[in-house]
Amino acid sequence: MSIAEAARLILEGGLVAFPTETVYGLGGDATNERAVAAIFEAKGRPQFNPLISHVLGPDEAKRLVRWNDTADRLAARFWPGPLTLVLPRAKESPVALLATAGLDTVAVRAPAHPLAQALIRAVGRPLAAPSANRSGAVSPTRAEHVVQSLGDRVRMILDGGPCQVGLESTVLDLTTAPPTLLRPGGATREAIEAVIGPIAVSDAIPSGDSARKSPGQLASHYAPQRPVRLNASTVAADEGLLAFGPDVPSGARLTLNLSPAGDLGEAAANLFAMLRALDQPPIGRIAVMPIPPTGLGLAINDRLRRAAADDGTGRQR
Ligand code: TXA
Ligand code: MG
């Protein structure tokens, strides 16, 4: 696996999966309309759902968006790291129009993983990168998850081991006053508010205007094949149990504990890999114990609610 080779593929318009500290991304040249089209195609992603442009830091971001003081303060605290900022598109922004799905804003993020940074540096352009899974499925936190869902659709997969954060970045819209949390993620609301004061939060399962503003916030997303039952305090014999904390009900076919010690950071890092591991025969349904809604628990509960939502497509549940 070579960064130079990966960069060459991307500059040719190809797609390369790469690790970030949050989840694996499916990367392409964010300035190349055809490469961006190939990302949507590979994921089976609706084109109204825009992509994040990944950069090294504020200097590169400023060429893509109209930067401001709030962005400066947030980047100083959270970049590189799991915070995505939505800002007005800069006049001469090179980001492909398809990448922003016709919105007049661009989402930018500087990932913390050294392989992601090396790739962006070698390409010398922003990388458009959604999570490297088929649209609507659980995000990949290991290279082998990418092989399973998109293995035949990417030119190369850079293996950086398990993702440390394990949940996607927090998406924060800086075009509203106060800023609006569009997707809870690896940077907690509490930590953001400690830097810029109170923020607004978009509806958990949005419709109308907020659905248009963050099209990725569809109700059913991050979804395993099996039905998911939340806030379980008891389990049935055909269920797989996603547990949290030290007091775990017995009787499940298989129990995986997000964090026996009740640590939300550990739980976030384990969430997607354990959901995948429980989404296997002979398990009929996945039961999930309650997770406290503070800190990273906000993002964990968001993903679990979406995993449990019915998408109306006849997916078994
Ligand atoms: O942690 C992450 O953010 C990962 C890694 C690879 O960086 N990427 C990721 O990308 O999760 P994706 O495409 O799966 O999710 C991007 C989210 C979507 O909810 C999308 O709607 C939102 O960001 N988004 C992107 N551009 C936007 C924009 N201009 N305005 C509002 N929301 C935007
Ligand atoms: Mg995704």
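Bear in mind that the values in this text are calculations on the coordinates, not laboratory data. Just so we're clear, the structure is a prediction, and the values are computed from it rather than from any experiment. Quick reminder, even Gly has a Cβ in these numbers, built from the backbone with ideal geometry, and neighbours come from all protein chains shown.
Which of R109, R303, R63 ends up with the largest GNM mean-square fluctuation for the chain, with Cα atoms connected below 10 Å?
Its mean-square fluctuation being the largest, the pick is R63.
Comparing A187, A237, A90, which has the greatest mean-square fluctuation in the GNM of the chain with Cα pairs linked when under 10 Å apart?
Sorting by GNM fluctuation, first place goes to A237.
Over the chain, with a Gaussian network built from C-alpha contacts below 10 Å, which listed residue (S169, S93, S53) shows the highest mean-square fluctuation?
S93
Between E33 and A118, what is the label-point separation in nm under the 7 Å Cα-to-beta-carbon projection?
Each label point lies 7 Å from its Cα, and together they span 3.5 nm.
Could you give the length gained by full extension between L254 and T234, i.e. 0.36 nm per residue of separation minus their alpha carbon distance, to one decimal place?
Taking L254 through T234 to full extension adds about 5.9 nm, to one decimal.
With a Förster radius of 35 Å, plug the Cβ-Cβ distance of R134 and D69 into 1/(1 + (r/R0)^6) and report the FRET value to the nearest 0.05.
Calculated transfer efficiency: 0.35.
What order do you get for Y24, Y222 when you list them from fewest to most C-beta neighbours inside 10 Å?
Going from sparsest to densest Cβ surroundings: Y222, Y24.
Could you list I157, I39 so that the one with the fewest beta carbons within 10 Å of its beta carbon is first and the one with the most is last?
I157, I39
What stretch of the chain, leaving out the sites themselves, is the longest with no GluC sites (Glu not before Pro) in a DSSP loop having at most 15 other Cβ atoms within 10 Å?
93-317
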